[in-house]
Number of protein chains: 2
Amino acid sequence: MLCRTYDGAVTDENHPTEETLGLRELKKRQSRIAMHRAALEIVNEHGLAGVTVEAIAHRAGVSTRTFFNHWATKESAIIGVLGANGDEIAGRLRQKIQETGPLGALRTVLREFAASAPVDPELRELKKQVMAKEPRLHSYSTGNLRSVQTEMVVVLAEALEGEDAHERAMLAVQLGFAVTRTAFAASMARGLDLGTAFDDVLAHYDEGDPVF
Amino acid sequence: MLCRTYDGAVTDENHPTEETLGLRELKKRQSRIAMHRAALEIVNEHGLAGVTVEAIAHRAGVSTRTFFNHWATKESAIIGVLGANGDEIAGRLRQKIQETGPLGALRTVLREFAASAPVDPELRELKKQVMAKEPRLHSYSTGNLRSVQTEMVVVLAEALEGEDAHERAMLAVQLGFAVTRTAFAASMARGLDLGTAFDDVLAHYDEGDPVF
DNA sequence: ACAGAAACTGCACTCAGTGAAATAGTGCAT
DNA sequence: ATGCACTATTTCACTGAGTGCAGTTTCTGT
């Protein structure tokens, strides 16, 4: 599980090929890629303020209503992160905790999440350009995942013991996302893939960088 | 500087009293408190989904347009954080770096920011209730400060040396805000004031809690 | 081929947020 | 006190995000 991203990138051995997927699911994904790409292109051309849902939908060849059937907000389409991913991540965290205990689980899951970023080189380059042009987007990148964060805190808290389990869980999740956000920015700035950027930043974090 | 919050709480010795402030500035603040209180009350009564800017403005006795002259978004009025605070914080960080170097500066400034939370006990209690009822609001609490975060990164990065200064600065700021967010949640959950909650969470952080 | 499910669409609607121009209220000068 | 300059507030009109609903199209399993 947790294998596919919106553009069909696969991080597990269970490849759901186009045949096994069915035409319906296939079109759904093509539609999503089209919208995501359209969103990135329009931001690239007209800036973040110059993009409207109507324009995105039109370029992607769907109605604006359909747009909102796929993406919760305009920003999520630009970033390319589906809300549904959230549930997967929280579920994956629960599973990993059962397997190996709560200690390394959060790292593993966030690392997996980072590594599952889209691999289409053209989209990657486009996204990088857009991110460089519109720094405001960085904060959206993991900002959409509010509900995931709280869910992860709950999952993690029930695996910890002690009175202040919830507080420690929350701190852990917040720190984890802090690292992830930084990794995201670094990967965009330096053209790295998210996975190695994550390892990079995590190394800094483990050094106990005295800046904070 | 960095002395006043929206409700007149003061964290420095230069008290601007009501006389020295002038009628204009005084009314402005009363208006802001009225809007903030109205926002909290309505969320408390009708839930987060049942609050509209029109309702807030009406209860506070102002027009909706005036509402947006004071608050950048609906959420910022509920949380009670002014956008203007952001510039103050970044400026304060720059000042503190010049005084004591980049190392402890970030902590100090965030701690000061945390301690400058509103002190009106009635509003505090109301806010606590609202936060307990609507957990979604937690993420808004420091989420509005996107522009501040990026500005702080810039300020901090130019004080650090080395090639990866920007990346280290970003990690530091992200970690700092992770702690601040957690402290905010803890203070709301346990009824502590933000300052001591911040120290509490920071202690956990310094222990190198192995959860993350 | 056909029935049921799922996705797409058009329409009407609410509400957040902005710009501009008119108006009212404050502060300061004489 | 009164007029002048400045600033906040208001009114109005508007754009655009997001949602609910009902009807149509497109796919899937049999």
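The values are calculated or read from the model by the stated rules, or taken from the named source; none is laboratory data. All figures in this text were calculated on a predicted structure; none of them were measured in a lab. Cβ sites come from the backbone with ideal geometry, for glycine too, and all protein chains shown count toward neighbours. For accessibility, only protein heavy atoms count, side chains too; no ligands or nucleic acids. Shrake-Rupley method; radii C 1.70, N 1.55, O 1.52, S 1.80 Å.
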Smallest Cβ-to-axis distance in chain A, for the rotation taking A to B: which residue, how many Å?
A:178, 2
Just to check I understand the Karplus step: with θ = phi - 60° and J = 6.51 cos²θ - 1.76 cosθ + 1.60, what whole-Hz values come out for the range A:39-55, glycine and proline as x?
4, 4, 4, 5, 4, 5, 7, 10, x, 5, 6, x, 10, 10, 4, 4, 5
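Ignoring any ligand, DNA or RNA, what whole percent of the accessible area of the range A:132-211 comes from carbon and sulfur when the probe is 1.4 angstrom? Don't jump to the answer; show the numbers that get you there.
On the way: 1670 of 3260 Å².
So the carbon and sulfur contribution to the accessible surface is 51 percent.
Let me know the mean shielding of A:200-206 by other chains, meaning the per-residue number of their Cβ atoms within 10 Å of its Cβ. Before the final figure, lay out the partial values.
Numbers: counts 2, 5, 2, 0, 5, 4, 1.
Averaged over the peptide's residues, the number is 3.
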Charge dipole of the protein assembly as shown about the Cα centre (unit charges at C-beta), most positive-ward option of A:110, B:100, B:52
B:52
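Let me confirm one metric for peptide B:185-192, namely the mean number of other chain beta-carbon atoms within 10 Å of its residues' beta-carbons.
Working: counts 7, 5, 0, 0, 3, 2, 0, 0.
Partner Cβ neighbours, averaged per residue: 2.
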Expected integer from the mean partner chain Cβ neighbour count at 10 Å over A:98-107 is 1
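Give me the extension gain from residue B:72 to residue B:203: residue separation times 0.36 nm, minus the current Cα-Cα distance, reported in nm with one decimal.
Numbers: separation 131, 0.36 × 131 = 47.16 nm, distance 3.39 nm.
Contour length minus the Cα-Cα distance gives 43.8 nm.
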Within the protein assembly as shown: Cβ-based charge dipole about Cα centre, in debye rounded to nearest 20 (Lys, Arg +1; Asp, Glu -1):
1680
What are the distances, in nm and sorted shortest first, from the label point of residue A:190 to the label points of the same position in each other copy, with each label point placed 7 Å from Cα along the Cα-to-Cβ direction?
3.7
Once every DSSP H run of n ≥ 4 in the protein assembly as shown is given -39500 (n - 2.57) and the sum is divided by its residues, what mean residue ellipticity at 222 nm do you get, rounded to the nearest 500 deg cm²/dmol?
-22500 deg cm²/dmol
Accessible area drop of at least 20 Å² (1.4 Å probe, protein heavy atoms): which residues of the range B:127-143 qualify, relative to the chain alone?
B:139, B:140
Once the label point is set 7 Å along the Cα-to-beta-carbon vector, what list of distances in nm do you get between residue A:120 and its counterparts in the other copies?
5.1
Distance in nm between residue A:58 and residue A:192 label points, each 7 Å along Cα→Cβ, equals 4.1
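Once the Cα gyration tensor of chain B is found, what semi-axes does its equivalent ellipsoid get, as square roots of 5 times the eigenvalues, in whole Å, sorted largest first? Can you show the working numbers first?
Values: eigenvalues 184, 86, 51 Å².
With the √(5λ) rule applied to chain B, the semi-axes are 30, 21, 16 Å.
Which shape class applies to the protein assembly as shown: rounded if a/c is under 1.5, otherwise prolate when a/b exceeds b/c and oblate if not, where a ≥ b ≥ c are the square roots of the Cα gyration tensor eigenvalues? Before the final figure, lay out each step's value.
Values: a/c = 1.64, a/b = 1.36, b/c = 1.21.
Prolate shape, in that a/c is at least 1.5 and a/b is the bigger ratio.
With +1 on the Cβ of every Lys and Arg and -1 on the Cβ of every Asp and Glu, and nothing else charged, how large is the dipole of the range B:99-197 about its Cα centre, in debye rounded to the nearest 20?
Numbers: 11 positive and 13 negative charges, 130 e Å.
Charge dipole, the range B:99-197, about its Cα centre: 620 debye, nearest 20.
Over chain B, give the accessible area per residue in Å² for a 1.4 Å probe, as an integer.
Values: 10190 Å² over 212 residues.
That works out to 48 Å² per residue.
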Partners for residue B:127 among lysines (Cα-Cα distance below 26 Å; same-chain residues under 8 apart left out)
B:27, B:28, B:74
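Roughly how much accessible area, to the nearest 100 Å², goes out of reach of solvent when B and A pair up, both sides summed, probe 1.4 Å?
On the way: alone 11900 and 11880 Å², together 20350 Å².
Buried surface at the B/A interface: approximately 3400 Å².
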